[in-house]
Amino acid sequence: MKHVFLASILAGALALPAYAADYTIIAPANPGGGWDQTARSMQTVMQQEGISGNVQVQNVPGAGGTIGLAQFASQQKGNPNALLVGGYVMVGAILTNNSPVSLKDVTPIARLTGEYEAIVVPASSEIQTMKDLVEALKKDPGAVSWAGGSAGGTDHIAVGLIAKAAGVDPTKINYIAYSGGGEALAAILGSQVTAGISGYGEFESQVKAGTLRLLAVSSAERIEGIDAPTLKESGVDVVVENWRMVAAAPGLTDEQKTAVEADVEKLAKSAGWQEVLKTKGWQDTYLAGDAFEEQLAKDISATETVLKDIGLVQ
């Protein structure tokens, strides 16, 4: 009887869902921004889809994600249960901050999402169109203040490219960097700045509520469901897409890396994640393995060129 009882317990245990180890996801920014939203969306979906039994999110803000990156690289070495959200903004911040720690010091796993930039002004602003904003920029670049994310990030790069396309010296732009989406949004809504720039998802509720006016988006073609022209339609020949990725800790074994890659792939292909993309207005740009590492190297090189053009990197 004893052996039968033990066997039945063992069989029951084997029948339980096989959860991966618990994960901690580092969002290297303040709450409210794109990285924080990405990390918390991952947390929800990984738990709902049974990919992990327990997922925690920690915010480590500062310096365009490079403080969180440095802390992650030094403190999580060899830990297969730690993940870091990053992306295009972090690539720029590493270069502009001359960070001693780069994405070579962690284990890139996959690109997850893409999101186009949106340019907004307060509803009370006299600026009605993107053409109005460009005219003001041409008249006096320094008088037009822009609220966006970290220095050297996607928002900053986009403003530099807009200025360049408009025939304005990109080094003359008045860009005010905020480390969290909530802070930037408050500055825009409070008319402390002329305009704001970020991913559309961070402005959507205020645009729909009528407190912000959406002037343009940075996609090549109009985005379904978003009532705004592209920058190109507005006479500004610029297309910019932000992207976000997930990385694992440095020093993982091949087996550990493979296990993390499998969990992230399950996440990216799950119905829950596809619903998040739809709700947030994020593009599905999932790319993993060698293809992602090759693309990442190209993106780093291209970003360095752009940052030199706008005077942020020597």
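Just checking, how many residues over region 249-293 are under 15 Å from Thr38 (Cβ atoms), open to solvent by less than 30 Å² (accessible area, probe 1.4 Å) and in a helix (DSSP H, G or I)?
Adding up the residues that qualify gives 7.
If the Cβ limit is 8 Å and pairs must be 6+ apart or interchain, which residue in region 33-59 that is touching a residue at least 40 places away in the same chain (Cβ under 8 Å) pairs with which residue that is of a type in the set (Lys, Arg) and surrounded by fewer than 22 Cβ atoms within 10 Å (Cβ to Cβ)?
Gln37/Lys280; Ser41/Lys280; Glu49/Lys266; Ile51/Lys266
Can you tell me which condition Glu233 does not meet? The list is (1) under 13 Å from Val45 (Cβ atoms); (2) touching a residue at least 12 places away in the same chain (Cβ under 8 Å); (3) among the acidic types (Asp, Glu), and all the others hold.
(1)
Mind checking whether some residue in region 99-108 is of a type in the set (Asp, Glu), in contact with a strand residue (DSSP E or B) (Cβ under 7 Å, 6 or more places away or on another chain), in a helix (DSSP H, G or I) and under 30 Å from Gln76 (Cα atoms)? Let's see the steps before the verdict.
Just the residues of region 99-108 that are of a type in the set (Asp, Glu), to begin with: 105.
Filter once more, keeping what is in contact with a strand residue (DSSP E or B) (Cβ under 7 Å, 6 or more places away or on another chain): none.
Within region 99-108, not a single residue is of a type in the set (Asp, Glu), in contact with a strand residue (DSSP E or B) (Cβ under 7 Å, 6 or more places away or on another chain), in a helix (DSSP H, G or I) and under 30 Å from Gln76 (Cα atoms).
Quick one: Ser205 ticks every box in (1) surrounded by fewer than 18 Cβ atoms within 10 Å (Cβ to Cβ); (2) among the hydroxyl-bearing types (Ser, Thr, Tyr); (3) more than 19 Å from the chain's Cα centre (by Cα) except a single one, so which number is it?
Condition (3) is where Ser205 drops out.
Name, by its number, the condition in (1) closer than 24 Å to Asp309 by Cα; (2) crowded, with 19+ Cβ neighbours inside 10 Å; (3) of a type in the set (Val, Ile, Thr); (4) out of contact with any helix residue (DSSP H, G or I) (no Cβ under 7 Å at 6 or more places or on another chain) that does not hold for Ile197.
Every listed condition holds for Ile197 apart from (4).
Sort out which residues of region 137-159 are closer than 17 Å to Val238 by Cβ and either β-branched (Val, Ile, Thr) or surrounded by fewer than 24 Cβ atoms within 10 Å (Cβ to Cβ) (or both), and write them in order of number.
Hits for region 137-159 are Lys138, Pro141, Val144, Thr154, Ile157, Val159.
Answer yes or no: is there a residue in region 239-246 that is under 19 Å from the mean Cα position of the chain (by Cα), free of Cβ contacts under 8 Å to residues at least 24 places away in the same chain and closer than 30 Å to Pro108 by Cβ. Explain how you work it out, then say what you get.
Start the filter on region 239-246 by keeping residues that are under 19 Å from the mean Cα position of the chain (by Cα), which leaves 239-246.
If we keep only those that are free of Cβ contacts under 8 Å to residues at least 24 places away in the same chain as well, we get 239.
Filter once more, keeping what is closer than 30 Å to Pro108 by Cβ: 239.
Within region 239-246, one or more residues are under 19 Å from the mean Cα position of the chain (by Cα), free of Cβ contacts under 8 Å to residues at least 24 places away in the same chain and closer than 30 Å to Pro108 by Cβ.
Go through (1) crowded, with 20+ Cβ neighbours inside 10 Å; (2) on the phi > 0 side of the Ramachandran plot and name the single condition Asn242 misses.
All conditions pass for Asn242, except number (2).
Is it true that Ala186 is free of Cβ contacts under 8 Å to residues at least 40 places away in the same chain and hydrophobic (A, V, I, L, M, F, W, C)?
yes
The values are calculated or read from the model by the stated rules, or taken from the named source; none is laboratory data. Computed from a predicted structure; not experimentally measured. Here the Cβ is made from the backbone with ideal geometry for all residues, glycine too, and neighbour counts use every protein chain on show. Protein only, heavy atoms only, side chains kept; ligands, DNA and RNA dropped before computing areas. Shrake-Rupley method; radii C 1.70, N 1.55, O 1.52, S 1.80 Å.
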